[in-house]
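Before any comments, here is the structure.
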Number of protein chains: 2
Amino acid sequence: MTKRSKNMAQNETKELSMTHHTAAATHLSGESIIAGQRVAGTGKAVSGVNPATGEALEPTYQLIDESQLAQATAAAAEAYPSFSALTPQEHAAFLESAASKIDALGDALTQRVMAETGLPEARANMERGRTVNQLRLFASVVRQGDFRGVRVDPAIPDRTPMPRPEVRQRKIPLGPVAVFGASNFPLAFSVAGGDTASALAAGCPVVFKAHNAHPGTSEMVGRAISDAVAEAGLHPGVFSLIYGAGSSIGQSLASDPAIHAVGFTGSRAAGVSLMKAAAAREVPIPVYAEMSSINPVFFFEGVLQKSPEDLSELAKAYLASVTGSSGQLCTAPGLVFVPAGARGDAFLEAVGEASAAAAGQTMLTASIADSWNAGVEQLAAQAGVDLVGRGAEGATKNAPAPVIYQASSEQFRDNPVLHEEIFGAASLVIRYTSTEDLVTTASRLEGQLTATLHLTESDYSSAAPLVPVLEGKVGRILANGWPTGVEVNHAMVHGGPFPATSDSRTTSVGTLGIERFLRPVAYQNLPEELLPAPVKADNPWNLNRRVNGDLQLES
Amino acid sequence: MTKRSKNMAQNETKELSMTHHTAAATHLSGESIIAGQRVAGTGKAVSGVNPATGEALEPTYQLIDESQLAQATAAAAEAYPSFSALTPQEHAAFLESAASKIDALGDALTQRVMAETGLPEARANMERGRTVNQLRLFASVVRQGDFRGVRVDPAIPDRTPMPRPEVRQRKIPLGPVAVFGASNFPLAFSVAGGDTASALAAGCPVVFKAHNAHPGTSEMVGRAISDAVAEAGLHPGVFSLIYGAGSSIGQSLASDPAIHAVGFTGSRAAGVSLMKAAAAREVPIPVYAEMSSINPVFFFEGVLQKSPEDLSELAKAYLASVTGSSGQLCTAPGLVFVPAGARGDAFLEAVGEASAAAAGQTMLTASIADSWNAGVEQLAAQAGVDLVGRGAEGATKNAPAPVIYQASSEQFRDNPVLHEEIFGAASLVIRYTSTEDLVTTASRLEGQLTATLHLTESDYSSAAPLVPVLEGKVGRILANGWPTGVEVNHAMVHGGPFPATSDSRTTSVGTLGIERFLRPVAYQNLPEELLPAPVKADNPWNLNRRVNGDLQLES
């Protein structure tokens, strides 16, 4: 039995002994949760709004003030010493308990997500599954322990001219982390999303600023985490959920001396403003902002040598990726390169037909729908931009018709407007004339989360020179699929050069994300009695270690 | 035979076959080396100065202008694709060749270092050994390959509701790196120092800005690297050495779009100015600046229960660490906590005697000596600061007398001047009254490279609460030694929270430093033919991989 499968068996036993409190956990109070206490704000009141109907949802949430924020960050700082020193068992059990409590929210959570975001039921349920699986995945990472990065260079007492000291290294959590929820993933990139899960797994207390577009969803999930903190007997400052005015409380949080890192998913403007706040601090801190990406997709000639039926399937898959979740996905394919000429024309004809068959779906908020409309209007007005196809408006409010436009690669290279993200169900096809044209045009792209190649064996030689260009531009390169639908696993990179993210050295999805919240500390000749457990000589946590530079696995 | 020892055997064989060209390599031209070409600058002329005599050293170096700088960064960008794709064998052999060529500079290099810096011969030779060993250590890291961070999550075609794709991950080099040499390590933190070695090992071309205090040393070492580039048949843009006006060329280099990261060792002011330049770019980049540290040392009561002879030895060791290299070491113990009371008094008496016996040594430059004098003068003028002991001035110019002062912990806590680094042979003793006092005072410290505990078994319980406080403040904690003399190995951390460095998540000494110059890229369902070698299914580079989250070692 591997260490991992032992862990999984332990998890299952744990699950069976959990009790669920669905009813109590789904009543909404409209309050922030500051270090385990429900706290009514003193500021403006906001409420969730059903974007499909425009109806305001109960309860209202009063935004907190600066002094209430300071209570949350101070409590997080207080919680750090004990939280960062949990055993792997205590630590992982806490994450698993939080997952179970979110699971136990069941259909009440799904209904609230749907009401606040307009997202369909299947999507809400899938996202809940992803969120709890992610917490459990990070629990397994905590039990396995490789993220602690233990290194040992043993002493060599008889080295000349001087004895070699013993040096040990481990990674410790940075300190309290501020996380900002995204509008478009009310569960998986929100209160218990990837940033929170990886920060908590690293051993960092989290102060979470709820997105005001889904306050009730946030409260339900925040309560689940807060209850898990209490049940595990942890310091209550391990987790706070605050409702605040976006920009002002956001800047205060990123500037708070108790905060040691920021996780953010959202717009480029908001992300850049957090980066600037963090860089301007007396002690600058890292900001992990996932911002803006148009996710280029490249069709090669060979892959378009298909029957009309197969081209039609390909076009439908394109539209499905553009319109899924009303196009409000970080990895939606906003830019699709199609060769000029007959095969490309045939494909675009199929895309036109698939577009016409596509129906609008409710967007997350009225203001997001307004921005989408403005973006599409601006794009349509650019010289050389032509309509490929337009679908139908949805039956609800804020459900605009999906659209596909096209332009030439020359127009794309010369016009920065064509490089801008339009958040929602719109996509721009670029017609290119040669592999050289493709490589040149791709080299002008800004940083992206993903790039996708559609190709067949006959295209490999054309695609080969593009791959290194894309490696320099994106976090993930995929083939013969669509970039939406991000796997949460060990090898995933949901990141990429600016402006896709603020820091290309990391990922905000997948287990590598835990490294964002860690830093190394070395111990030289420290007596065994004073060494922390991960680096003690007898390896009480059974960790894999790098000894004299080589990995040594514990079974 | 492990993979590592195989590598070492290969290295030795390689060494024996190298030929040396000492004479030609040590003639100095006074020119920058831009992508393999010697280029005369168009700006002001500077020359090295022997700080012991004030004598200017031949030749003069004419500083380059902005357009010459742009040639170097453009060449580095051009070199990136081929350099980043070298096989481990080619890549490691290049690093080893550079090491051998520096070694071959022999005594000529030592003499030039001594003339330009005033450092003694033993130190110059030791530093040369450290520099070439460091290049060879990074060559072994390149051959071993764990830094490529390969992860594989295999496909699960029959997963429901959707097949699981295959996802592979590796780390790629960031791109061209700008490195700024330090004044105080003309070899090990200069042209072929840790930043250059780790950036080249990561696969990043380097544009190195020479420190104008040791231009001849820089040219000799730069030529060795440049020759190694040429002999290996690499793109000449892999390495450039430029002479420029510190602040203006520095800002241009950090702002150049072709540059993807900055390595720096030097003053807090210069480091912060590079951080600001990098954050203000259209595309911000990471800055790894190692800046300011006073390296607190904590003496506990028990360890001072010694005979007068042993206390005298301890005091001499303290002075040796303060005065070594004229105190111009990043890790020099600028702050030493000693308990109030009789045992502390006895130790300070011994420190006073050891100070009186200490002699001044030539400092690196006249301006560094001037800054030291100003710092000491300011410190001595503070309320409650008393002299413990003063040595003798050295016989040369710029060799001020080492000094030790003391103050109370209360005075230290209240006066920010007492927290400032004085670069050179000066140290401040702080008398503390209790463990609580020590913990409180330590918690007020800024970020540091190191903290040192002097203790015996009876002190462990007093020291235990201090350890987690120090983990939050420093990169390395050591016991019963002195922080100067940094091992270059796998577990070392030469880093720490701001202002010790700009980025506490890393180290500028030791093999972990390579991670500064890498970022992850994921490949999803990419055909084997298009995958780069490190992630190909048949693992042609024989790399250790993380599969489904668990490490799998290749033997």
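The values are calculated or read from the model by the stated rules, or taken from the named source; none is laboratory data. Note that the structure is a prediction, hence the values are computed from the model and not measured. In this analysis, Cβ positions are derived from the backbone assuming ideal geometry, glycine residues included, and neighbour counts consider all displayed protein chains.
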Within segment A:523-537, restricting to residues that are in a loop (DSSP other than H, G, I, E, B) and hydrophobic (A, V, I, L, M, F, W, C), the one that is farthest from residue B:167 (Cα to Cα) is A:526
Test residue A:118 against the criterion of being out of contact with any Gly (no Cβ under 9 Å at 6 or more places or on another chain) and within 14 Å of another protein chain (Cβ to nearest Cβ), and give yes or no. no
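Residue-by-condition table, conditions (1) in contact with a Lys or Arg (Cβ under 6 Å, 6 or more places away or on another chain); (2) modelled with pLDDT of 95 or more; (3) within 14 Å of another protein chain (Cβ to nearest Cβ):
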position: A:422; (1), (2), (3): no, yes, no
position: A:425; (1), (2), (3): no, yes, no
position: A:433; (1), (2), (3): no, yes, no
position: A:438; (1), (2), (3): no, yes, no
position: A:443; (1), (2), (3): no, yes, yes
position: A:448; (1), (2), (3): yes, yes, yes
position: A:452; (1), (2), (3): no, yes, yes
position: A:455; (1), (2), (3): no, yes, yes
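To keep it simple, each residue is scored yes or no on (1) under 15 Å from the mean Cα position of the chain (by Cα); (2) hydroxyl-bearing (Ser, Thr, Tyr).
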| site | (1), (2) |
| --- | --- |
| A:186 | yes, no |
| A:191 | yes, no |
| A:196 | yes, yes |
| A:242 | no, no |
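Okay, residues lined up against (1) over 20 Å from residue B:326 (Cα atoms); (2) touching a Phe, Trp or Tyr at 6+ places or on another chain (Cβ under 9 Å); (3) surrounded by fewer than 24 Cβ atoms within 10 Å (Cβ to Cβ):
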| position | (1), (2), (3) |
| --- | --- |
| B:420 | no, no, yes |
| B:441 | yes, yes, yes |
| B:449 | no, no, no |
| B:453 | yes, yes, no |
| B:458 | yes, yes, yes |
| B:469 | yes, no, yes |
| B:483 | no, no, no |
| B:496 | yes, no, no |
| B:503 | yes, yes, yes |
State whether the residues of segment B:143-153 include one that is among the β-branched types (Val, Ile, Thr) and more than 11 Å from every other protein chain (Cβ to nearest Cβ). no
Can you pull out the residues in segment B:64-83 that are within 25 Å of the chain's Cα centre (by Cα) and not small (Gly, Ala, Ser)? B:69, B:73, B:80, B:83
Can you find, within segment A:523-555, the residue that is nearest to the other protein chains (Cβ to nearest Cβ) among those that are basic (Lys, Arg) and either over 23 Å from residue B:462 (Cβ atoms) or touching a Lys or Arg at 6+ places or on another chain (Cβ under 8 Å) (or both)? A:546
Hey, any hits in segment B:67-90 for a residue that's of a type in the set (Val, Ile, Thr) and over 27 Å from residue B:118 (Cα atoms)? yes
So is residue A:79 closer than 26 Å to residue A:520 by Cβ and assigned by TED's automatic domain parsing to the domain that holds residue A:221 or not? yes
Which pairs have Cβ atoms under 9 Å, sit 6 or more apart or on different chains, and link a residue in segment B:141-161 that is under 20 Å from residue B:537 (Cβ atoms) to one that is of a type in the set (A, V, I, L, M, F, W, C) and loosely packed, with under 12 Cβ neighbours inside 10 Å? B:152/B:537
I need the full set of residues from segment A:121-142 which are more than 10 Å from every other protein chain (Cβ to nearest Cβ) and hydroxyl-bearing (Ser, Thr, Tyr), in order please. A:131
Scan segment B:268-323 for residues that are of a type in the set (Gly, Ala, Ser), within 13 Å of chain A (Cβ to nearest Cβ) and in contact with a helix residue (DSSP H, G or I) (Cβ under 6 Å, 6 or more places away or on another chain) and jot them down. B:277, B:278, B:279, B:289, B:292, B:302
Return yes when residue B:282 is touching a residue at least 40 places away in the same chain (Cβ under 8 Å) and closer than 30 Å to residue B:249 by Cα and no when it is not. no
Condition test on residue A:138, is it touching a residue at least 60 places away in the same chain (Cβ under 8 Å), touching a helix residue (DSSP H, G or I) at 6+ places or on another chain (Cβ under 8 Å) and either over 28 Å from residue A:57 (Cα atoms) or assigned by TED's automatic domain parsing to the domain that holds residue A:327 (or both)? yes
I'm trying to understand the selection: among the residues of segment A:250-266, which are more than 21 Å from the chain's Cα centre (by Cα) and either buried (at least 19 other Cβ atoms within 10 Å of the Cβ) or closer than 30 Å to residue A:103 by Cβ (or both)? A:252, A:256, A:258
Just checking, how many residues over segment B:387-400 are charged (D, E, K, R) and either loosely packed, with under 12 Cβ neighbours inside 10 Å or in contact (Cβ under 8 Å) with a residue 60 or more places away in the chain (or both)? 1
Tally the residues that are aliphatic (A, V, I, L, M) and under 22 Å from residue A:47 (Cβ atoms), restricting the search to segment A:94-143. 8
Candidate set from segment A:306-322 (those that are crowded, with 23+ Cβ neighbours inside 10 Å and among the hydroxyl-bearing types (Ser, Thr, Tyr)); member that is nearest to residue A:422 (Cα to Cα): A:321
Keeping to segment B:464-522, report how many residues are assigned to a helix (DSSP H, G or I) and more than 7 Å from chain A (Cβ to nearest Cβ). 8
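Table: residues versus (1) closer than 28 Å to residue A:131 by Cβ; (2) among the charged types (D, E, K, R); (3) in the same structural domain as residue A:127 (by TED's automatic domain parsing).
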residue: A:449; (1), (2), (3): yes, no, no
residue: A:454; (1), (2), (3): no, no, no
residue: A:457; (1), (2), (3): no, yes, no
residue: A:463; (1), (2), (3): no, no, no
residue: A:467; (1), (2), (3): no, no, no
residue: A:487; (1), (2), (3): yes, yes, no
residue: A:490; (1), (2), (3): yes, no, no
residue: A:509; (1), (2), (3): yes, no, yes
Please give the number of the condition residue B:459 fails out of (1) of a type outside the set (Gly, Ala, Ser); (2) without any contact (Cβ under 8 Å) to a residue 60 or more places away in the chain; (3) part of a helix (DSSP H, G or I). (2)
Could you list all residues from segment A:267-292 that are out of contact with any strand residue (DSSP E or B) (no Cβ under 6 Å at 6 or more places or on another chain), modelled with pLDDT of 95 or more and either in the same structural domain as residue A:475 (by TED's automatic domain parsing) or buried (at least 23 other Cβ atoms within 10 Å of the Cβ) (or both)? A:291
Within segment A:183-194, work out how many residues are crowded, with 24+ Cβ neighbours inside 10 Å and closer than 13 Å to residue A:266 by Cα. 5
